[in-house]
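Working notes for the structure below.
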Amino acid sequence: MKNALIIEDLHVQTVEGKQILNGVSLTIKKGEIHAIMGPNGGGKSTLSAALMGHPGYVITKGKVIVNGVDITKFSPDQKARAGLFLGFQYPVEIAGVNFSSFLRMAMNERKKEGEKKISPIAFKNKLVDEAKTLSFRDDITKRALNEGFSGGEKKKAEILQLAMLKPEFAILDEPDSGLDVDALKYIANKINDLDYEFGLILITHYQRILKYIKPHFVHVLVKGKIVKSGNAKLAQLIEQSGYEKYI
Amino acid sequence: MEEIIVKQNQELIFPVIWTGKEKELLYSVRLSQRGAKITFLALLLGKNEESLDIKTTVIHDAEDTKSEVIIKSALNDYSYVNFEGLVKINHGAKKTNAWLAAHMLLLSKTARGRAIPSLEIIENDIKAGHATTVGRVNELEMFYLTSRGLSEKSAKQLLVQGFLQSIVDRFPKKNQVIAAKQLQMYGQKYL
Amino acid sequence: MTNNTQPIIKDNYKFGFHMPEKPVFKTPKGLSPKVVEAISHFKNEPKWMTEFRLKALGFFYEKPLPTWGADLSGIDFDNMYYYISPTEKKFHTWDKVPTEIKTTYDRIGIPQAERKFLAGVGAQYDSEVVYHNLKKQWEKQGVIFVDTDTAVQKYPDLVRQYFGTIIPPHDNKFAALNSAVWSGGSFVYVPKGVHVEIPLQAYFRINAANMGQFERTLIIADEGSYVHYVEGCTAPIYTTDSLHSAVVEIIVKKGARVRYSTIQNWSSNVYNLVTKRMRVEEEGIGEWIDGNLGSKVTMKYPSVYLVGKGAKGEVLSLAFAGKDQHQDTGGKAIHLAPYTTSTITSKSVSTHGGRCSYRGMVRIANGAKGSKSFVRCDALLLDELSRSDTYPTNIVNEEDVTLGHEASVSKVGVDQLFYLMSRGLTEAQATSLVVNGFIEPIVKELPLEYAVELNRLIDLSMEGSVG
């Protein structure tokens, strides 16, 4: 199926052998926003990590298909080039790697043979413009990747990368955790204002962000399986009565 | 042996760059006046069959002294670095702050590294620590970069350069130019 | 108590000194090939063991005293008895036992019967009943747990296959000494797939011989088996022997797991120099839990040699040094195969001028790809007289590995003390709470009784050191 991310009966273990996901199936079409909620330990972060190919997890059964291509066994960079993006819950700090250079490199690596690479100046201008809409403390282009960033800045930086890289399918792992209301609003506005069609998986424990980004579908992930799916109203229900009935 | 004396309330940044010429580098730092602070930064770039024996000794003999010894090394081909670092905090050197770190990145199957960061402490009103890492680039950092679409090769290159650049960034301004040049030359061939 | 240093035996014998017909025996002071031969002869050992001992003696003479560790110049090799048969062991009277030792027994709640034994006043601790029942269970499973002397006689092939293979006599001067004059210690064999649920305690079969100076322990865990061996005790052992030089060899076969826990609290006149090593084969797990509280000087670095793919090794080391004590301890992890992992965690506490030195080695050989090692050593200095050293050696000859090491040294945080005292605790109570918390990650791996005794011991020490 074109224009869709299909997760088919996914079973995932940690490399040490602990079973976390027990058959997760989901289809996300471009233009759709799916929220995944659930109690701690239910497998939400594992899902995002496994989809992207995190070295700490192993897919033991099932498939991940993007635009008709089976990417299950792809390496993380191959998955990125196939159209996937992961917004980390705890973005890694990498000293000595300039934010701007790294992102430009990432953009250029996606370009096909013969396609013109983006020039440093053009890139920098675009980056500064996008960064303005997210209201960073100072010139992010000069800083090292996530180093010295506050929690909120790290999360905003993930969204900035999303805006620049324009992936076809994005998975955001708890983009709202640890954020104050202002930061949350900036991020939500940015995502809502993106000017192209993409599929979005929003992983969230509380549903703060869902006040600002309206999901089309809401799924509840408990003990490694999706136990309930519904529309945006489901999220409100959970906010009122918690996860108890699904455990 | 190079003896480094830091005076009262002086803050000294002492950079070292090794690109294969010397076989042995010995340094001795004495902090015997109150408030003396030293930041010792070594950038070691190994290739071919070069080997280096680098030894540093830092002695804290006065109150309120601070030392930070950071060794960052990238080793390719058959190169080898042996680092022995000793930090000694003598009795009476209260409020001393000492940190010793040696990080070695092995870039080829035949490169080797040895690190012995030692502490001898005879005063308890202090803070001291040390850390060592030897091996290849960090797995999680590689995942982060590749998940953004960088190939493994590009990601590794970026990480190694970043690793080395982060210490050059701390060199005194006047030494940064030479350091950057050496890094670039090393990078061209090896990264 | 007689202060008799003359040989008790009166008959002439070919060794040049006297050998008894009765089964009591004590070699004269000092070491010589004749002494070694006599020991072996008295024990009725097979020829290969006698030769092994003599060869080891040669290595002992050859090797110089190590100078890189603690100060060993006080050991008087000529002024020692290298073998005293159990029945011939001299005991002191209760009133000769130092007061601190008696107080400690009180505080940590040692039963009366045990006290006399621990203090070297009684001949044998009667734990026969406990031991007996467990013995039946082990026999059913095919587990062998006897003292090493017996093992040489009863299971010669098994012993000969492994004895001296993990720690060869020429390894170091004290392994050579032990190899020449060893006596007592435990021999354990666990058959394939057998899990020994209850920890084997040396304490069960303990008697004066097993508390000897030159114990030699050999543990063989066959494929897929599991055993936990516990040695020593928190109560201080009072002995006039000034040198304790033991050797522990352990083979962990494919998929097996061995945990060896020690709490050592020798009296403050003892030089405790021990060589301990585990060879861990494919997918095996080897764990050392090493607590060093007593002795004048301890030099001990439990090692794991990871020789098979996927082998794991762990060393948890706890050291406590008080007045005039030097604990020179740590661990070694040698990675000789791919995908092996090791962790060394060391926690030390120095007080009253005591000195704790962490000495460790991690070596990753070429070819051991995919291996990971992590070392963490933390030291607490409780007062301004005490000392802490860290000497970690890291050698990496393989690119595709991760090795990390972190260490920190500090005193008890002023903020922590203030917080606790503001809740009504005295400074001593607050300090011991913090110290107990500091060592908790290691203590929680010990069998419960040890953990409880250890905590009480710390409390006792803190009272002495604060206010």
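Do any strands (runs of 3 or more DSSP E) entirely within region B:22-89 hold 3 or more residues that are over 21 Å from residue C:366 (Cα atoms), β-branched (Val, Ile, Thr) and touching a residue at least 24 places away in the same chain (Cβ under 8 Å), and if so, which? Steps first, answer last, please.
Values: elements: B:24-31, B:37-46, B:51-60, B:66-75, B:80-89.
Because the criterion is at least 3 residues that are over 21 Å from residue C:366 (Cα atoms), β-branched (Val, Ile, Thr) and touching a residue at least 24 places away in the same chain (Cβ under 8 Å), the strands (runs of 3 or more DSSP E) in region B:22-89 that meet it are B:51-60, B:66-75.
In region A:200-247, which residues are farther than 26 Å from residue A:6 by Cβ and assigned to a helix (DSSP H, G or I)?
A:208, A:211, A:236, A:237, A:239, A:240, A:241, A:244, A:245
Residues in region C:413-424: is at least one among the aromatic types (Phe, Trp, Tyr) and over 29 Å from residue C:229 (Cα atoms)? Lay out the reasoning, then the answer.
Going through region C:413-424, the residues among the aromatic types (Phe, Trp, Tyr) turn out to be C:418-419.
With the extra rule that they be over 29 Å from residue C:229 (Cα atoms), the set shrinks to C:418-419.
Looking for residues that are among the aromatic types (Phe, Trp, Tyr) and over 29 Å from residue C:229 (Cα atoms), one finds at least one in region C:413-424, hence yes.
Could you go through region A:68-82 and let me know if any residue there is over 20 Å from residue B:155 (Cβ atoms), touching a residue at least 60 places away in the same chain (Cβ under 8 Å) and in contact with a Phe, Trp or Tyr (Cβ under 9 Å, 6 or more places away or on another chain).
Filtering region A:68-82 down to residues over 20 Å from residue B:155 (Cβ atoms) leaves A:68-70, A:72.
Filter once more, so that each one left must be touching a residue at least 60 places away in the same chain (Cβ under 8 Å): A:68.
Subsequent filtering for residues that are in contact with a Phe, Trp or Tyr (Cβ under 9 Å, 6 or more places away or on another chain) retains none.
No, the conditions are met nowhere in region A:68-82.
Does residue B:25 fit the bill of being closer than 28 Å to residue B:156 by Cα and at pLDDT 95 or above? Don't jump to the end; show me each part of the working.
Working: closer than 28 Å to residue B:156 by Cα: no; at pLDDT 95 or above: yes.
Against the criterion (closer than 28 Å to residue B:156 by Cα and at pLDDT 95 or above), residue B:25 does not qualify.
Please work out which residue is farthest from the other protein chains (Cβ to nearest Cβ), limiting yourself to region C:390-432 and to residues that are touching a residue at least 40 places away in the same chain (Cβ under 8 Å) and in a helix (DSSP H, G or I).
Residue satisfying both the conditions and the ranking: C:427.
Go through region C:278-349 and tell me which strands (runs of 3 or more DSSP E), entirely inside it, have 1 or more residues that are open to solvent by less than 10 Å² (accessible area, probe 1.4 Å) and farther than 28 Å from residue C:74 by Cα. Break it down into steps so the answer makes sense when it comes.
Working: elements: C:285-292, C:297-300, C:303-306, C:312-321, C:326-335.
Hits in region C:278-349: C:285-292, C:303-306, C:312-321, C:326-335.
I need the full set of residues from region A:73-110 which are open to solvent by 60 Å² or more (accessible area, probe 1.4 Å) and within 12 Å of chain B (Cβ to nearest Cβ), in order please.
Restricting attention to region A:73-110, the residues satisfying the condition of being open to solvent by 60 Å² or more (accessible area, probe 1.4 Å) are A:73-74, A:78, A:81, A:90, A:93, A:104.
A:74, A:78, A:81, A:90, A:93, A:104 - these are the residues of region A:73-110 that are open to solvent by 60 Å² or more (accessible area, probe 1.4 Å) and within 12 Å of chain B (Cβ to nearest Cβ).
For region A:160-172, what are the residues that are over 9 Å from the mean Cα position of the chain (by Cα) and assigned to a helix (DSSP H, G or I)? I'd like the intermediate steps shown before the answer.
Our first condition is that a residue be over 9 Å from the mean Cα position of the chain (by Cα); within region A:160-172, this holds for A:160-161, A:163-168.
Hits for region A:160-172 are A:160, A:161, A:163, A:164, A:165.
Scan region B:156-164 and tell me whether some residue there is facing chain A (nearest Cβ under 8 Å), touching a Pro at 6+ places or on another chain (Cβ under 7 Å) and either without any contact (Cβ under 8 Å) to a residue 12 or more places away in the chain or among the hydrophobic types (A, V, I, L, M, F, W, C) (or both).
So in region B:156-164, the residues facing chain A (nearest Cβ under 8 Å) come out as B:158-159, B:161-164.
Still in the running and touching a Pro at 6+ places or on another chain (Cβ under 7 Å): none.
No, the conditions are met nowhere in region B:156-164.
Would you check if there is a residue in region B:136-143 being open to solvent by less than 10 Å² (accessible area, probe 1.4 Å) and within 7 Å of another protein chain (Cβ to nearest Cβ)?
As a first pass, look at region B:136-143 and keep what is open to solvent by less than 10 Å² (accessible area, probe 1.4 Å): B:143.
From what's left, within 7 Å of another protein chain (Cβ to nearest Cβ): B:143.
Scanning region B:136-143 turns up at least one residue that is open to solvent by less than 10 Å² (accessible area, probe 1.4 Å) and within 7 Å of another protein chain (Cβ to nearest Cβ).
Residues of region A:143-162 being crowded, with 21+ Cβ neighbours inside 10 Å and of a type in the set (Gly, Ala, Ser), which ones?
Residue satisfying the conditions is A:157 alone.
Can you work out which of the residues in region B:88-117 that are open to solvent by 10 Å² or more (accessible area, probe 1.4 Å) and of a type in the set (Gly, Ala, Ser) is nearest to the other protein chains (Cβ to nearest Cβ)? Write out each step before concluding.
Applying the first criterion (open to solvent by 10 Å² or more (accessible area, probe 1.4 Å)) to region B:88-117 yields B:88, B:90-92, B:94-95, B:97, B:99, B:103, B:105, B:107-110, B:112, B:114, B:116.
Narrowing further to those that are of a type in the set (Gly, Ala, Ser): B:92, B:108.
Values: B:92: 8, B:108: 6 Å.
My answer is B:108.
Do we have residue A:29 as more than 9 Å from chain B (Cβ to nearest Cβ), open to solvent by 20 Å² or more (accessible area, probe 1.4 Å), among the charged types (D, E, K, R) and under 28 Å from residue A:222 (Cα atoms) here? So that I can check it myself, show each step before the final result.
Numbers: more than 9 Å from chain B (Cβ to nearest Cβ): yes; open to solvent by 20 Å² or more (accessible area, probe 1.4 Å): yes; among the charged types (D, E, K, R): yes; under 28 Å from residue A:222 (Cα atoms): yes.
In short, yes.
Out of region A:90-105, which residues are more than 15 Å from residue B:165 (Cα to Cα) and in a loop (DSSP other than H, G, I, E, B)?
Hits for region A:90-105 are A:90, A:91, A:92.
Do we find a residue being within 22 Å of residue B:158 (Cα to Cα), open to solvent by 50 Å² or more (accessible area, probe 1.4 Å) and more than 16 Å from the chain's Cα centre (by Cα) anywhere in region A:176-185?
Within region A:176-185, none of the residues are within 22 Å of residue B:158 (Cα to Cα), open to solvent by 50 Å² or more (accessible area, probe 1.4 Å) and more than 16 Å from the chain's Cα centre (by Cα).
Among the residues of region A:55-72, is there at least one that is closer than 20 Å to residue A:12 by Cβ and within 8 Å of another protein chain (Cβ to nearest Cβ)?
Yes, because at least one residue in region A:55-72 is closer than 20 Å to residue A:12 by Cβ and within 8 Å of another protein chain (Cβ to nearest Cβ).
Hey, does region A:112-135 have a residue that's within 14 Å of chain B (Cβ to nearest Cβ) and in contact (Cβ under 8 Å) with a residue 60 or more places away in the chain?
Scanning region A:112-135 turns up no residue that is within 14 Å of chain B (Cβ to nearest Cβ) and in contact (Cβ under 8 Å) with a residue 60 or more places away in the chain.
Given the conditions (1) more than 30 Å from residue C:411 (Cα to Cα); (2) facing another protein chain (nearest Cβ under 10 Å); (3) open to solvent by 30 Å² or more (accessible area, probe 1.4 Å), report the number of the one that residue B:133 does not fulfil.
For residue B:133, the exception is condition (1).
Could you list, in sequence order, the residues of region C:229-271 that are at pLDDT 85 or above, of a type in the set (A, V, I, L, M, F, W, C) and in a loop (DSSP other than H, G, I, E, B)?
Of everything in region C:229-271, those that are at pLDDT 85 or above, of a type in the set (A, V, I, L, M, F, W, C) and in a loop (DSSP other than H, G, I, E, B) turn out to be C:246, C:256, C:270.
Could you grab me the full set of residues in region B:165-179 that are more than 12 Å from chain A (Cβ to nearest Cβ) and part of a helix (DSSP H, G or I)? First the steps, then the outcome.
Within region B:165-179, the subset more than 12 Å from chain A (Cβ to nearest Cβ) is B:171-179.
Once the filter is applied, which keeps residues that are more than 12 Å from chain A (Cβ to nearest Cβ) and part of a helix (DSSP H, G or I), region B:165-179 yields B:173, B:174, B:175, B:176, B:177, B:178, B:179.
In region C:361-376, what residues are part of a strand (DSSP E or B) and open to solvent by 10 Å² or more (accessible area, probe 1.4 Å)?
Our first condition is that a residue be part of a strand (DSSP E or B); within region C:361-376, this holds for C:361-364, C:372-376.
Once the filter is applied, which keeps residues that are part of a strand (DSSP E or B) and open to solvent by 10 Å² or more (accessible area, probe 1.4 Å), region C:361-376 yields C:361, C:363, C:372, C:374, C:376.
From the list B:152, B:123, pick out the single residue that is crowded, with 16+ Cβ neighbours inside 10 Å and either touching a His at 6+ places or on another chain (Cβ under 8 Å) or not aliphatic (A, V, I, L, M) (or both).
Numbers: B:152 fails: crowded, with 16+ Cβ neighbours inside 10 Å.
Just one listed residue meets the conditions, B:123.
With respect to residue B:172, determine if the residue is over 22 Å from residue A:90 (Cα atoms) and buried (at least 23 other Cβ atoms within 10 Å of the Cβ). If you could, list the steps in order and put the result at the bottom.
On the way: over 22 Å from residue A:90 (Cα atoms): yes; buried (at least 23 other Cβ atoms within 10 Å of the Cβ): no.
Judged against the criteria, residue B:172 is not a match.
Considering only region C:153-167, how many residues are part of a loop (DSSP other than H, G, I, E, B) and either acidic (Asp, Glu) or surrounded by 15 or more Cβ atoms within 10 Å (Cβ to Cβ) (or both)? Let's see the steps before the verdict.
Taking region C:153-167 as the starting set, the residues that turn out to be part of a loop (DSSP other than H, G, I, E, B) are C:155, C:163-167.
Next cut, either acidic (Asp, Glu) or surrounded by 15 or more Cβ atoms within 10 Å (Cβ to Cβ) (or both) only: C:155, C:163-164, C:166-167.
Residues that pass the stated criteria total 5.
The values are calculated or read from the model by the stated rules, or taken from the named source; none is laboratory data. Note that the structure is a prediction, hence the values are computed from the model and not measured. Using ideal geometry, Cβ is built from the backbone for each residue, glycine included, and neighbour counts are taken over all protein chains shown. Note: accessible area is taken over every heavy atom of the protein model, side chains too, but ligands, DNA and RNA are not part of it. Shrake-Rupley method; radii C 1.70, N 1.55, O 1.52, S 1.80 Å.
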